[in-house]
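Inspection log for the structure reproduced underneath, given as structure tokens.
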Amino acid sequence: MKQTLAILKPDCLQRNLVGKVIDRIEENGFEISGMKMIKMTKEQAEGFYAVHQGKPFFAELVEFMTESPVVVAALRKENAVQAWRDLMGATNPENAAPGTLRKEYAESIGRNTVHGSDSDANATREIAFFFSESDLILTQKG
Ligand code: ATP
Ligand code: MG
């Protein structure tokens, strides 16, 4: 089993879509191995998205991710990184496939409802950014 990091972004919580997104996560066979609601600080958002530093949308991205709370979750599944990205859909909702979360719920390329890790290595880094190892030892299957 692999893991990936999901973030339900501020626009998701602002529009009361948390339940709907978690429903889709569960329906699609992910095991939730950690989950919490946090308000990201500017420093956390800058650190988390450090790979995008210098890009034209970086300041807007940090501003958005810190405007109100998010839900961070570690998800476990076979090929978790790709499976979660498939369920999220393309970054820009205009390009997202029908049935994906971003097609259904994203407001724009910036306010796009969910985040997912883009590789196993980044998933490990991103999960460790928000969770300690002892947070993740529980499994729903006992
Ligand atoms: P995420 O990392 O959030 O899962 P992604 O991997 O699909 O999304 P990235 O290229 O990593 O896309 O961009 C990170 C985030 O930055 C995007 O999800 C989006 O919120 C924002 N972003 C990316 N490109 C733009 C853009 N051109 N204008 C505004 N915001 C953007
Ligand atoms: Mg990304």
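The values are calculated or read from the model by the stated rules, or taken from the named source; none is laboratory data. Since the structure is predicted, the reported quantities are computational estimates derived from the model, not experimental observations. Every residue, glycine among them, receives a Cβ derived from its backbone with ideal geometry; neighbour counts consider all protein chains shown. With ligands, DNA and RNA removed, areas are computed over all heavy atoms of the protein, side chains included. Shrake-Rupley method; radii C 1.70, N 1.55, O 1.52, S 1.80 Å.
Observations
- Number of the exception - Asn16 against (1) open to solvent by 20 Å² or more (accessible area, probe 1.4 Å); (2) at negative phi: (2)
- Residue match in segment 61-72 (condition: out of contact with any Leu (no Cβ under 9 Å at 6 or more places or on another chain), open to solvent by 80 Å² or more (accessible area, probe 1.4 Å) and at positive phi): no
- Test result for Phe48, surrounded by 12 or more Cβ atoms within 10 Å (Cβ to Cβ) and in contact (Cβ under 8 Å) with a residue 60 or more places away in the chain: yes
- Residues (surrounded by fewer than 21 Cβ atoms within 10 Å (Cβ to Cβ) and away from ligand 2 (no atom under 14 Å from the Cβ)) located in segment 97-119: Ala97, Pro98, Gly99, Thr100, Lys103, Glu104, Glu107, Ser108, Arg111
- Members of segment 123-142 found to be surrounded by fewer than 16 Cβ atoms within 10 Å (Cβ to Cβ) and within 16 Å of the chain's Cα centre (by Cα), listed by number: Thr124, Arg125, Ala128, Phe129
- Among the residues of segment 20-45, those that are surrounded by fewer than 16 Cβ atoms within 10 Å (Cβ to Cβ) and free of Cβ contacts under 8 Å to residues at least 40 places away in the same chain comprise Asp23, Glu26, Glu27, Met37, Lys39, Thr41, Lys42, Glu43.
- Looking only at residues of segment 73-96 that are surrounded by fewer than 16 Cβ atoms within 10 Å (Cβ to Cβ) and in contact (Cβ under 8 Å) with a residue 24 or more places away in the chain, we find that the one that is nearest to ligand 1 (Cβ to nearest atom) is Asn79.
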